[in-house]
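Enquirer: First the structure, then my questions, so here it is.
The values are calculated or read from the model by the stated rules, or taken from the named source; none is laboratory data. As the structure is a computational prediction, the values presented were derived from the model and not from experiment. For neighbour counting, all protein chains shown are included, and Cβ atoms are generated from backbone atoms with ideal geometry for every residue, glycine included.
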Amino acid sequence: MRGTAVIDPTEFGFIEPLLKRLQESSRARNGRPFVTLSYAQSLDGSIAVDPSHTCCLSSWRSLQLTHFLRSRHDALLVGINTILADDPQLTVRHWPGPSPRPVVLDKFLRMPCDSRLLRQPLRKPIIITSDAAPVQHRQRLMESGAQVLVAPLDAEGMVDLASTLPLLQEEGLRSIMVEGGGCVINHFLRERLVDYCVITIAPKLIGGFKAVSELCQPADQPPLSIRECQYQVLDGDLIAFGPLDPA
């Protein structure tokens with residue numbers, strides 16, 4: 001472990017309202033899971049040096065907070081670029097609690113069969129792909145234990161999120177935590193499919209790959225707003241949180 005200090009989740013103003021909304025989502029049947037967007041960025045909005053080289057931004061206690069949030073969601077969703085860059089475990093290691101089900105958006109099935117996600121016996125990932133993916137690779141991943149679901153592509157050639165989320169709800173996933181990378185974050189925001197944001201802003205300057213870009217393109221596109229946005233400091237990090245206004 002990177003440190004020994006332990007957070008007290010009850011100290012955070014967003015925990016109670018967010019957990020209440022997660023509980024409500026577990027009972028609701030509104031066609032898709034509840035989506036929490038959670039990621040860390042630098043002061044200049046960077047989440048990495050470049051898409052293939054990630055960097056650690058948040059403090060140890062902020063990382064604990066992230067793992068606490070993971071433990072309260074049914075699934076944790078990332079894009080294939082995150083898998084290729086980091087080979088992450090996507091588990092809850094720094095907080096006691098259950099690990100969420102990993103979900104990977106991978107339209108061409110570039111997921112390596114020897115990735116760490118596929119070596120975890122109890123938490124095999126759900127991979128969302130498209131008809132453009134090689135059938136042979138789909139079979140190899142399924143033999144490795146992955147569950148592969150096929151969704152259509154949208155007008156931009158990306159996995160269609162509006163079709164993907166109902167598929168995940170059919171698998172019993174009522175709440176999803178989206179962590180990245182940048183393309184996935186942008187995609188969920190553009191499609192207005194984020195219900196709640198927890199954004200950690202680290203006091204660092206990188207000048208690297210941005211978390212959000214071209215969101216208000218064309219120029220007359222209205223910006224998204226976090227309603228009743230609140231802020232909390234944790235070991236120098238600034239955590240901004242609140243429900244996202246879908247308008």
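Enquirer: From Gly97, Gly45, grab the single residue that is surrounded by fewer than 20 Cβ atoms within 10 Å (Cβ to Cβ) and under 15 Å from Ile199 (Cβ atoms). Working first, answer last.
Expert: Values: Gly97 fails: under 15 Å from Ile199 (Cβ atoms).
Residue meeting the stated conditions: Gly45.
Enquirer: If you don't mind, another one. Which one of these is modelled with pLDDT of 80 or more and in contact with a Leu (Cβ under 8 Å, 6 or more places away or on another chain): Leu84, Leu65?
Expert: Criteria check complete, one pass: Leu65.
Enquirer: State all residues of region 161-178 that are crowded, with 20+ Cβ neighbours inside 10 Å and either of a type outside the set (S, T, N, Q) or more than 17 Å from the chain's Cα centre (by Cα) (or both); if no residue qualifies, say none.
Expert: Leu161, Leu165, Leu168, Leu173, Arg174, Ile176, Met177, Val178 - these are the residues of region 161-178 that are crowded, with 20+ Cβ neighbours inside 10 Å and either of a type outside the set (S, T, N, Q) or more than 17 Å from the chain's Cα centre (by Cα) (or both).
Enquirer: Report yes if Asp220 is closer than 24 Å to Met158 by Cα and surrounded by fewer than 18 Cβ atoms within 10 Å (Cβ to Cβ), otherwise no. Explain how you work it out, then say what you get.
Expert: Working: closer than 24 Å to Met158 by Cα: yes; surrounded by fewer than 18 Cβ atoms within 10 Å (Cβ to Cβ): yes.
When the stated conditions are applied, Asp220 passes them.
Enquirer: Which of the residues that make up region 70-85 are farther than 18 Å from Leu161 by Cβ, in contact (Cβ under 8 Å) with a residue 40 or more places away in the chain and more than 11 Å from the chain's Cα centre (by Cα)?
Expert: Arg72, Ala85
Enquirer: I'm trying to understand the selection: among the residues of region 30-43, which are touching a residue at least 12 places away in the same chain (Cβ under 8 Å), over 15 Å from Ala240 (Cα atoms) and not in a strand (DSSP E or B)?
Expert: Within region 30-43, Gly31, Arg32, Pro33 meet the criteria.
Enquirer: How many residues does region 55-87 contain that are surrounded by fewer than 18 Cβ atoms within 10 Å (Cβ to Cβ) and in a loop (DSSP other than H, G, I, E, B)?
Expert: Selection size over region 55-87: 3.
Enquirer: Take the conditions in contact with a Lys or Arg (Cβ under 8 Å, 6 or more places away or on another chain), at positive phi and surrounded by 12 or more Cβ atoms within 10 Å (Cβ to Cβ) and apply them to Leu109. Does it pass?
Expert: Judged against the criteria, Leu109 is a match.
Enquirer: Residues of region 224-245 being in a loop (DSSP other than H, G, I, E, B) and more than 21 Å from the chain's Cα centre (by Cα), which ones?
Expert: Glu228, Asp235, Gly236
Enquirer: Conditions: (1) buried (at least 18 other Cβ atoms within 10 Å of the Cβ); (2) free of Cβ contacts under 8 Å to residues at least 40 places away in the same chain; (3) of a type in the set (Lys, Arg). Arg227 meets all but one. Number of the miss?
Expert: Status for Arg227: all satisfied but (1).
Enquirer: Of all residues in region 207-220, which are modelled with pLDDT of 75 or more and either among the polar types (S, T, N, Q) or outside any loop (DSSP other than H, G, I, E, B) (or both)?
Expert: Phe209, Lys210, Ser213
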